[in-house]
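These notes concern the structure reproduced below.
The values are calculated or read from the model by the stated rules, or taken from the named source; none is laboratory data. Only a predicted model underlies this, so the values are computations on that prediction, with no experimental measurement involved. Note: ideal-geometry Cβ built from the backbone for every residue, glycine included; neighbour counts use all protein chains shown. Side chains included, ligands, DNA and RNA excluded: accessible areas come from the protein's heavy atoms. Shrake-Rupley method; radii C 1.70, N 1.55, O 1.52, S 1.80 Å.
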Amino acid sequence: MELTLPVALLAGLVSFASPCFLPIVPAFVGQLVGAGSGPVRRRAALANSLSFVLGFSVVFIALWAALGLLGRSLGPYVVHLRIVAGAVLVLMGLHVAGILTLRPFDTQVRASGPADAAGSPLRAALMGIAFGAGWTPCIGPILGAFSRWRRRARRSGPASP
């Protein structure tokens, strides 16, 4: 099957509609364009949206660049890394199930900031970074599969961008 733009868009739509993301869309939109009852300031909304996308993009670009670098540098040790990662995954599963208590993961951290209606581009960029970091587990499997599919298509022959 050829990798095409519609397939990429479908993968994006599926990840957007995931249960860990879709319920928080109204809160993020309210933060970006303002939750007040007054009119939406279009320039502020555009600046906030672009800043949000920039923050979000920084997380994903940095993550995938770091994973690529890590993969290249740890090549011969990847078997050991998988074992360690599997053990961490089991520990996290035991924590989520309530069988094991890991205190650092039971700590709540809250940020307080100005309560202005529309926020600012800096606040939107920070929200984008937080959102990108929080959404990584939701989009990771789809993005990883798409990335692997794209790499295989490049090796085997030309594919659509």
Report task. Answer yes or no as to whether residue 72 is open to solvent by 60 Å² or more (accessible area, probe 1.4 Å) and touching a Pro at 6+ places or on another chain (Cβ under 9 Å). Result -> no
Requested in this report: Would you please list the contacts, defined by Cβ atoms under 7 Å and residues six or more apart or on different chains, that run from a residue in region 133-147 that is over 14 Å from residue 11 (Cβ atoms) and open to solvent by 30 Å² or more (accessible area, probe 1.4 Å) to a residue that is in a helix (DSSP H, G or I) and of a type outside the set (Val, Ile, Thr)?
Outcome: 136/63
Report task. Enumerate the helices (runs of 4 or more DSSP H) found wholly within region 1-116, keeping only those where 1 or more residues are at pLDDT 85 or above and closer than 21 Å to residue 133 by Cα. Result -> 42-73, 78-97
